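Reading through the structure tokens given below for one structure.
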Amino acid sequence: MLKKLIKNKAVLLLFSLLGVGSGVIYYLAPPGYSATGALYIKRSVDLSSDKYFAYEGYYGQQTALSFTNTVAGLIDSMDVRKMSLDKLNVPTTSYNFQKYSFLIKTKKLGPQLLTLTTKGKTTNSAKNLWEAVADSTIATATKINANGDPALSISKVSEAPVVKPQFKPIEICLPAGFLMGLFFGVLAVSLKEYFEWK
């Protein structure tokens, strides 16, 4: 197989150069943007209770922990996604649901802290998506907990998310493009040799 690859080194070189070219194009293309902000989930406790340290404090913390997992699930739910798209006046088609699912990410940074990150082609699109998802999540969580524990609450750590361009270092783009091109070159040579052998 190695002899076959050496024999077709011109093909491998061509694919590798095409890969490097793709890496350069990706690097020079306008960067996308990401908006990141945190949501804090808490449960207020009765400080006047003489059982605060023995029971109320522990119960409040455990309830907040459970509710944090619920909020994380809500962000990924179809209901919150639909509310978010409606706020942005985006049609709620299956294509848009699939597209926006790749633009919204949630990470649990602490027991009661969720980080929400959204992506967009512009600073405004990333920020607007973040605000739509955050507001929809808070509204939904408040609604479903209306008849539950009134001490539970969810809030934004900061009113506005931090928006920044996505990091695209040239030292990663070029090697990644080269390896991608080399992979497809090896695949093309392998398929060519296979069908010739057949």
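Given the criteria at pLDDT 85 or above, surrounded by fewer than 17 Cβ atoms within 10 Å (Cβ to Cβ) and outside any helix (DSSP H, G or I), does Lys168 qualify? When the stated conditions are applied, Lys168 does not pass them.
Looking at region 105-151 only, could you name the residues that are without any contact (Cβ under 8 Å) to a residue 24 or more places away in the chain and within 11 Å of Leu39 (Cα to Cα)? Residues satisfying the conditions are Lys107, Gly110. Any chance you could count how many residues in region 97-109 are of a type in the set (Val, Ile, Thr) and exposed (fewer than 12 other Cβ atoms within 10 Å of the Cβ)? Within region 97-109, residues that are of a type in the set (Val, Ile, Thr) and exposed (fewer than 12 other Cβ atoms within 10 Å of the Cβ) number 0. Restricting attention to region 143-165, the residues that are modelled with pLDDT under 85 and either assigned to a helix (DSSP H, G or I) or acidic (Asp, Glu) (or both) add up to 2.
May I ask you to verify whether Gln112 is on the phi < 0 side of the Ramachandran plot and either among the hydroxyl-bearing types (Ser, Thr, Tyr) or surrounded by fewer than 17 Cβ atoms within 10 Å (Cβ to Cβ) (or both)? I'd like the intermediate steps shown before the answer.
Numbers: on the phi < 0 side of the Ramachandran plot: yes; either among the hydroxyl-bearing types (Ser, Thr, Tyr) or surrounded by fewer than 17 Cβ atoms within 10 Å (Cβ to Cβ) (or both): no.
Criteria not met by Gln112.
Among residues of region 115-127 being of a type in the set (D, E, K, R) and surrounded by 15 or more Cβ atoms within 10 Å (Cβ to Cβ), the one that is farthest from the chain's Cα centre (by Cα) is Lys127. The residue that is modelled with the highest pLDDT, counting only those in region 1-60 that are under 30 Å from Leu114 (Cα atoms), hydrophobic (A, V, I, L, M, F, W, C) and surrounded by fewer than 14 Cβ atoms within 10 Å (Cβ to Cβ), is Leu47. Residues of region 103-123 include none that is assigned to a helix (DSSP H, G or I) and within 30 Å of Ala10 (Cα to Cα). All conditions but one from (1) over 16 Å from Ile41 (Cβ atoms); (2) assigned by TED's automatic domain parsing to the domain that holds Asp76; (3) in contact with a helix residue (DSSP H, G or I) (Cβ under 9 Å, 6 or more places away or on another chain) apply to Ala141; the one that does not is (1).
The values are calculated or read from the model by the stated rules, or taken from the named source; none is laboratory data. Just so it is clear, the structure is predicted and the values come from calculations on it, not from any experiment. With ideal geometry, Cβ positions are generated from the backbone for all residues, glycine too; neighbour counts draw on all protein chains shown.
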